[in-house]
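The values are calculated or read from the model by the stated rules, or taken from the named source; none is laboratory data. Values in this document were obtained by computation on a predicted structure and should not be read as measured data. Glycine gets a Cβ as well: all are built from the backbone with ideal geometry, and neighbour counts include every protein chain shown. Calculation scope for accessible area: heavy atoms of the full protein, side chains included, ligands and nucleic acids excluded. Shrake-Rupley method; radii C 1.70, N 1.55, O 1.52, S 1.80 Å.
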Amino acid sequence: MKNIYNEEILIKYIYNELSANDTKGFEKEMNTNPNLKSDYKSLISLITKMELFVENPNPNTVENIISYSKSIKNKDMAID
């Protein structure tokens, strides 16, 4: 891996999408590069905060959407 680390590489590292060799190189660089370490910590913090805001839709809303979709499908089938 090149010694150019950007947000894409950080994200791939966080989500374990780098090869073993690239992960090793990234970790070595992060241990010696305070700016990279800071960027990593900031991104981890951001991801953690974002995950707190992820909500599941209300089950009634999901059921309404499914029912509506079925009704449209049934109307389309009646026309054919």
Can GLU29 be described as under 20 Å from GLU7 (Cβ atoms), modelled with pLDDT under 95 and surrounded by 11 or more Cβ atoms within 10 Å (Cβ to Cβ)?
-> yes
Matching residues, region 13-26, being open to solvent by 70 Å² or more (accessible area, probe 1.4 Å) and either on the phi < 0 side of the Ramachandran plot or among the small types (Gly, Ala, Ser) (or both) | TYR15, GLU17, ALA20, ASN21, LYS24
Give SER69, SER45 a once-over and let me know the one that is among the hydroxyl-bearing types (Ser, Thr, Tyr) and either open to solvent by 100 Å² or more (accessible area, probe 1.4 Å) or modelled with pLDDT of 90 or more (or both).
-> SER45
Top-ranked residue of region 32-41 - restricted to ones that are out of contact with any helix residue (DSSP H, G or I) (no Cβ under 8 Å at 6 or more places or on another chain) and among the hydroxyl-bearing types (Ser, Thr, Tyr), ranked as least open to solvent (accessible area, probe 1.4 Å) | SER38
Quick one: is GLU8 at negative phi, at pLDDT 80 or above and of a type in the set (Asp, Glu)?
-> yes
